[in-house]
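The structure appears right after this line, and notes come after that.
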Amino acid sequence: MTATLALEDRITRSLVGAAVGDALGGPVEGWTPEQIAERHGGRIRGIVGPWHEDWRTARPIAPYHKGDGHVTDDTLMTHALIRVYETVRDHLDAYAVADHLVPELIGAPRWIPELEAEALPLQRIFLAEKWIVARLHYGHVDPREAGSGNIVNCGAAMYMAPVGLVNAAHPRAAYAEALDVAGPHQSSYGREAAGVFAAAVAAACTPGATASSVVEAALALAKDGTRSAIEAVAEVAARYEDFEPALRPLREAVAPFDTVGPDYRAPSLGARRPSRLHAIEELPIALGMLLVGAGDYRRTVLGCVNYGRDCDSIATMGGAVAGALGSAAPDEWAKRVGEASRIDLEAPARGLTAVTEEVFVRDRDRHLAHAAAFSALTART
């Protein structure tokens, strides 16, 4: 099935899968697998409600309604980046972030599911994402360098699936473009993760791709601590076919590379600082759960969600890659998330598919022009 799946189907399954994973992981973000199981009477098997009934005032969640099928900032940023692609209709770079993504964040109110209100996206996104606006809109920093100084986290990686999809079946191109797009937002291993995640999504679009081939493509491009973390997690993941027994071993495998530390809500003093030795936790775990689930959407995403910690971003990444492989989110989950979040989950996919096809034609024409010029340069008289 996945070998012949059309481009639009892969893009749709990837983007819907990312949003559904985000919504499933949101209500249990920040907790441990043990706390999640205690709170919900066992492992999560679908959409659940908020952790606290008084979510409007309960710390540290307030004032966000996480749960009940609401997407979080991962999906808001992903859809904002898609709108940038729909405007530019070509490959993006750091300047596209300054010229188009920043206005998306501050220009017009949109429905924010977690706030149950219309608001500027800027009013929902995390401080590490507000950095983009502060540095580019107010600070007028060179977009290619603006990410330096921000905390190093998964903020840029979490919304890079569209870059992988625009470069479908071309992981190296996806990696390079994502590094450029992430430059205004992140540096160090946060920026590296953005490139590797985009590459994984692109690799998953390749006809005949598998969970293993996606991880191999990611490792072929990953550098420094990011590569080491993925290798360590993948080695452990290969021993399991179910996420339940894999939860603790995967955490133990990624822990040496994670700067946040054992208490997710109380990061260590050295957390989120640039380093060539470390990696964000989210991407290696998402790829590990993809291996454990053999690329199946439900198995992959439920593993990501029940892992806890930053599980909305982990499930966003795992869902995006599993979807690009061709495994779709269950219809009942997608329907409920779309209705609860008041979002047409398939509309962004239709728009991005059209852009992707246009970009491919432009790439082909550019390649042919380059080939002709190179032939002229090397012609023997």
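The values are calculated or read from the model by the stated rules, or taken from the named source; none is laboratory data. Since we're looking at a predicted model, the values are computed, not measured. Because the Cβ atoms are built from the backbone with ideal geometry, glycine has one as well, and the counts that use them run over all protein chains shown. When the accessible area is computed, the model is the full protein with side chains, heavy atoms only, and any ligands, DNA or RNA have been set aside. Shrake-Rupley method; radii C 1.70, N 1.55, O 1.52, S 1.80 Å.
For the stretch 141-243, taking Cα atoms only, Rg and Dmax work out to 13.8, 47 Å respectively.
For the stretch 44-183, the fraction of C-alpha pairs farther apart than 23 angstrom is 38 percent. Average projection, convex hull of the Cα set of the stretch 222-300: 5.2 square nanometres. Overall, the stretch 216-365 carries a charge dipole of about 420 debye about its Cα centre when +1 sits on the Cβ of Lys and Arg and -1 on the Cβ of Asp and Glu, all other atoms neutral.
Per-residue ellipticity at 222 nm from helix content only, as computed over the chain with -39500 (n - 2.57) for each DSSP H run of at least four residues, stands at -17000 deg cm²/dmol.
Here, the stretch 196-344 has an Rg and a Dmax of 15.0, 44 Å when only alpha carbons are counted.
Placing +1 on the Cβ of every Lys and Arg and -1 on the Cβ of every Asp and Glu, with no other charges, gives the chain a dipole of roughly 500 debye about its Cα centre. Which distance in Å, rounded to a whole number, links the C-alpha centroids of the stretch 123-140 and the stretch 1-46? The stretch 123-140 and the stretch 1-46 have Cα centres separated by 28 Å. One Cα centroid belongs to the stretch 163-242, the other to the stretch 265-309; the line between them spans 13 Å. Along its first, second and third principal axes, ordered by size, the stretch 1-91 spans 44, 32, 18 Å in Cα coordinates.
Annotation: per residue accessible area for the stretch 165-218 equals 25 Å², rounded to a whole number [probe 1.4 Å, protein chains only]. Computed over neighbours whose Cβ is under 12 Å from that of residue 226, the net charge equals -2, Lys and Arg +1, Asp and Glu -1. Dividing the mean sequence gap of close Cα pairs (under 8 Å, 6+ apart) by how many residues the stretch 78-122 holds gives a relative contact order of 28 percent. A compact globular protein would have a Cα radius of gyration near 2.2 N^0.38 Å; the ratio found for the stretch 273-381 is 1.57. Which is farthest toward the positive dipole end of the stretch 230-331 among 311, 237, 301, measuring Cα position about the Cα centre, with Cβ charges +1 (Lys, Arg) and -1 (Asp, Glu)? Highest projection toward the positive end goes to 311. Ligands, DNA and RNA are left out, and with a 1.4 angstrom probe the accessible area of the stretch 1-93 is 39 Å² per residue. Protein-only accessible surface at a 1.4 angstrom probe places the residues 10, 251 in the order 251, 10, largest first. Taking only the C-alpha atoms of the chain, Rg followed by Dmax gives 19.7, 80 Å. In a simple Cβ point-charge model (Lys, Arg +1; Asp, Glu -1; nothing else charged), the stretch 99-228 has a dipole of about 220 debye relative to its Cα centre. Within the accessible area of the stretch 182-317, what % is carbon and sulfur when the probe is 1.4 Å and the other protein chains stay in place? Summing carbon and sulfur atoms, their accessible area is 53 percent of the total for the stretch 182-317. With contacts taken as Cα pairs under 8 Å at a separation of at least 6 residues, the stretch 1-159 carries a relative contact order of 18 percent.
In this calculation the C-beta distance from residue 145 to residue 39 is compared with R0 = 41 Å, giving a FRET efficiency of 0.45.
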